[in-house]
Amino acid sequence: MSLKLNNLGRRIDDRWILRHLDLEIQNGECLALVGASGCGKSTTLRIIAGLDQADEGSISIDGIDVTSTAAVDRKVGMVFQSYALFPHLSVAANLELGLKVRGVAPSERQQRVRQILQLVQLEERASQKPAQLSGGQRQRVALARALLRDPMVYLLDEPMSNLDAQLREELRPELRRLVLRDQKPVVYVTHDQHEAMAIADRIAVLRDGQIEQVANPIELYKHPASLYVAEFIGRPQINVLPPEQGVIKAIRPEALKLQAGGIACELLHREWLGASQIWQLKSHLGPLRMLVGSDQTVPESIQVSWAPEQEHRFNARSGKRLAA
Amino acid sequence: MLLLLVPAAILLALVFVAPMLHYVWLSAHANSVLTGLVPIPNQGANWIRLVSDQRFWQDAGQTLRFTVVSVSLEVLLALAIALLLDQRWRGRGAARALTLIPWALPTTVMALGWRWIFNTPYGPLNQTASLLGVAPLNILSNPAITWMATVLADVWKTTPFAALILLAGLQTIPTDLYEALRLEGASQRTCFLRITLPLLKPYIALALLFRLAQAFGVFDLVQVMTGGGPASSTESLALYAYINAMRFLDFGYSATVMIGSFILLLLLCLISWSFLIRLQHRTGRV
């Protein structure tokens, strides 16, 4: 039982904005779709929802082909980036409207709205308008509406992007708990690799409408399938060395060590992160980023090296990972 | 900061407040050919005359009828046009530009045009009628129907204005809202009733109030198209005030008619406003 995308493709005029997309998301699994803006992640979500049509490929939910099924019959619970709350309706009315459209009896409607408001802890806000709520509360109303849909699939389109950084961190575990409550597939679109790592079981990295790699966060970080993924995932960003004989080497900032006899560097800038610090270095290999402990003092002369097994090696032309 | 409003306030005072106060003052005086155009205080005689002036009340009724019918038709038509122009289709840009043409035309020009269209027996309407073998229609000389012709001309001219306001309103509604409701299985009709109409309400109110005030003061259209006739059947309050001043040279009473119709317009706006407010309160429920 799962959500399955087979060879999905979407074309605008003659340009494919999405192509050869194969994904399978299990029940109770949260898959993050990440990528730069315009990579096709939101389009994918809209195609799954039925708000947009694929030009090739198919979608199935629980083994049933829904490629040409109307949006309403796919039963998806969607959280929009803007939350898409009805500004003229109270919180309770926002939630009730969907139920009414689906023909649920008034008494049952009120009961379900009450239950869901309890679940997202917004009972006191029931009679307020969306404009009177904070960003986090609005997001919870949008989520509650998706939950009320009793969906087969959850689709979340950048649900955190309108919130400030601290709130995002606070809400993440709560959001994950709520959407995975009824063990349905969850597709989570975000441009923030950090958020994807924190919330998802697996991450699909999209680039120009195609999947670069699908893997769990640790695998993605430790064995990026391409230079693009290596650069996209992980902050501070991975160091990419100049190509040598058709091979590009990349080293994570935390893999760089101070060692006598290593590459001579000059310290350009220090950034304090609290528990650690980032050194921006200049070397004959170009600029390097190094993650060091917060207690580390700057030595007289900086020489750095790394263990050979910490090197990621990529084909300079295709950007694909080379076997170790 | 309030200091910055002073130039605008002075301008408004000169253009609106001063003439209005002058009219109020004038309405308390006899000032006509009979007084040699010298204002003489007449202890509210103008106002007593106004209250019992049958022509004034008849014109008030006619003006109200004209206003209510044409503004209702305009807003309904404008809503349909705005909805159409908001959809994506080929030639939408051209259609948007074309829609505005009647609004851009000077009222006098288009009023002359309509007068010619309804001309008996040579106007295009009657030419067409005679081709079809129908007897000529005396539209502009039949007191029972001439007012409808003025309504038609007004609707033709000012619907684009209301449509423009409503189109601007439609464009403020995010498409997300429709998609969210579509995912629940809502029909086009439900989306219109549950999202479009409630969110468009402030814009409808704006268009209504603008048009109400304009239509109630109608002058040039009627003056050019029918001259208030036949038998004063299309005479508006503004036209009556004009006739009092320019034909009867009774400036005191003309001012009284003006202020009187201003009060009626104020009442009309207040009534519509309270109605709209009450409508607004009904939202927020499912």
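The values are calculated or read from the model by the stated rules, or taken from the named source; none is laboratory data. Treat the numbers as computed from the prediction; the structure is a model and nothing was measured. Cβ atoms come from the backbone with ideal geometry, glycine included; neighbour counts cover every protein chain shown. The accessibility values were calculated without ligands, DNA or RNA, using every heavy atom of the protein model including side chains. Shrake-Rupley method; radii C 1.70, N 1.55, O 1.52, S 1.80 Å.
What the Cβ-Cβ distance of A:GLU266 and B:THR128 gives, at R0 = 60 Å and to the nearest 0.05, is a FRET efficiency of 0.10. Per residue of peptide A:45-56, the mean number of Cβ atoms on other chains within 10 Å of the residue Cβ is 1. For A:GLU254, project a label point 7 Å along Cα to C-beta. Then give me every residue of region A:182-226 with its amide nitrogen under 20 Å of that point. Hits in region A:182-226 for A:GLU254 at 20 Å: A:192-203, A:215-226. Across B:LYS201, A:LYS320, the residue with the most accessible area heads the list, and the full order at a 1.4 Å probe is A:LYS320, B:LYS201. Solvent-accessible area of B:PHE192, all protein chains in place: 60 Å² (probe radius 1.4 Å, heavy atoms, ligands and nucleic acids excluded). A straight Cα-to-Cα reach below 16 Å connects A:LYS100 with the lysines A:LYS75, residues fewer than 8 places away in its own chain not being considered. Of the GluC sites (Glu not before Pro) found in region A:212-299, no site is in coil according to DSSP while having at most 16 other Cβ atoms within 10 Å of its Cβ.
Taking each residue in A:143-155, count the Cβ atoms of any other chain within 10 Å of its Cβ, then average. What number comes out? All intermediate terms of the calculation are to be shown ahead of the outcome.
Details: counts 0, 0, 3, 2, 0, 1, 2, 0, 1, 0, 0, 0, 1.
Mean inter-chain Cβ contacts per residue within 10 Å come to 1.
Can you list the residues, at least 5 places off or on another chain, whose amide H is less than 5 Å from the amide H of A:GLN213, using H built in the peptide plane? When sequence neighbours closer than 5 places are left aside, the close amide H contacts are A:VAL205. For region B:95-137, the residues whose backbone nitrogen is under 16 Å from a point 7 Å from the Cα of B:ASP220, taken along Cα to Cβ, are B:101-115. What separates the Cα centres of region A:99-113 and region B:160-182 is a distance of 27 Å.
What shape does region B:48-165 take by its C-alpha gyration tensor, where a ≥ b ≥ c are the square roots of the eigenvalues and a/c under 1.5 counts as rounded, a/b above b/c as prolate, and the rest as oblate? Here region B:48-165 falls in the oblate category. Modelled label positions at A:ARG181 and B:GLN87, each set 7 Å beyond Cα in the direction of Cβ, lie 4.0 nm from each other.
Mean-square fluctuations from a GNM of chain B, with a 10 angstrom spring cutoff on Cα atoms, peak among B:ALA180, B:ALA60, B:ALA149 at B:ALA180. Above 33 Å, the calculated P(r) of chain A contains 38 percent of its Cα-Cα pairs. In plain terms, the chain from B:ARG247 to B:LEU37 could stretch by 74.2 nm, reckoned as 0.36 nm per residue minus the Cα-Cα distance.
Size descriptors for region A:1-143 (Cα atoms only): Rg and Dmax, in that order, 17.6, 52 Å. Under 1.5 on a/c is rounded, so check that first for chain B, then, if it is not, pick prolate when a/b is larger than b/c and oblate when it is not; a ≥ b ≥ c are the square roots of the alpha carbon gyration tensor eigenvalues. Taking the square roots of the gyration eigenvalues as a ≥ b ≥ c, chain B is oblate. Taking packing as the residue-averaged number of other Cβ atoms within 10 angstrom, the listed peptides B:106-114, A:81-89 run from highest to lowest as A:81-89, B:106-114. Spin-label model, B:TRP116/B:PHE210: points 7 Å from Cα along the beta carbon direction are separated by 2.9 nm.
Given the rule -39500 (n - 2.57) for each run of at least 4 DSSP H residues, summed and divided by the residues of chain B, what is its mean residue ellipticity at 222 nm, to the nearest 500 deg cm²/dmol?
Only helices count here, giving -21500 deg cm²/dmol.
Let me spell out the model: positive unit charges on the Cβ of Lys and Arg, negative unit charges on the Cβ of Asp and Glu, origin at the Cα centre of the protein assembly as shown. What dipole size does that give, in debye rounded to 20?
Magnitude of the dipole: close to 840 debye.
Taking the alpha-carbon centroid of each part, what is the distance from region A:1-29 to region B:198-260 in angstrom? Centre-to-centre (Cα) distance: 64 Å. The heavy atoms of A:ILE263 present about 30 square angstrom of accessible area, all protein chains included, probe 1.4 Å. Which one, B:LEU73, B:LEU183, B:GLY260, projects farthest toward the positive side of the charge dipole computed for region B:55-282 from Cβ point charges (K/R +1, D/E -1)? Projecting each Cα onto the dipole axis, the largest value belongs to B:LEU183.
Each peptide in B:5-12, B:234-241, B:30-37, A:190-197 was scored by the mean count of other Cβ atoms within 10 Å over its residues; highest first, the order is B:234-241, A:190-197, B:30-37, B:5-12. The B:LEU5 and B:ALA80 beta-carbon pair, evaluated with R₀ = 30 Å, returns a calculated FRET efficiency of approximately 0.15. Extending 7 Å from Cα along the Cβ direction at B:VAL24 and again at B:ILE277 yields two label points whose distance is 2.3 nm.
For region A:235-324, a crude dipole built from +1 on the beta carbon of Lys and Arg and -1 on the beta carbon of Asp and Glu, taken about the Cα centre, is about 460 debye to the nearest 20.
For the full complex of protein chains and a 1.4 angstrom probe, list B:TRP147, B:TRP116 by accessible area with the highest value first. Don't jump to the answer; show the numbers that get you there.
Numbers: B:TRP147 45, B:TRP116 130 Å².
Solvent-accessible surface, decreasing: B:TRP116, B:TRP147.
Per-peptide packing, taken as the mean over residues of other Cβ atoms within 10 Å, places B:154-165, A:175-186, A:284-295 in the sequence B:154-165, A:175-186, A:284-295 from highest down. With R₀ fixed at 22 Å, the C-beta to C-beta distance from B:LEU105 to B:ASN142 puts the FRET efficiency at about 0.25.
Annotation: extensible slack from A:ASP62 through A:ALA316 equals 87.3 nm (criterion: 0.36 nm per residue apart, minus Cα-Cα distance).
Let me confirm one metric for peptide B:171-183, namely the mean number of other chain beta-carbon atoms within 10 Å of its residues' beta-carbons. All intermediate terms of the calculation are to be shown ahead of the outcome.
Numbers: counts 0, 0, 1, 4, 3, 9, 7, 2, 9, 15, 6, 7, 19.
Per residue, the number of nearby Cβ atoms from other chains is 6 on average.
Counting only alpha carbon atoms, the long axis of helix B:237-246 and the longest principal axis of chain B meet at about 30°.
Residues of region B:230-267 with an amide N closer than 18 Å to a point placed 7 Å from the Cα of B:LEU73 along the Cα-to-Cβ direction: B:230, B:233-236.
About its Cα centre, chain B has a charge dipole of approximately 660 debye under the convention of +1 per Lys or Arg Cβ and -1 per Asp or Glu Cβ, with nothing else charged.
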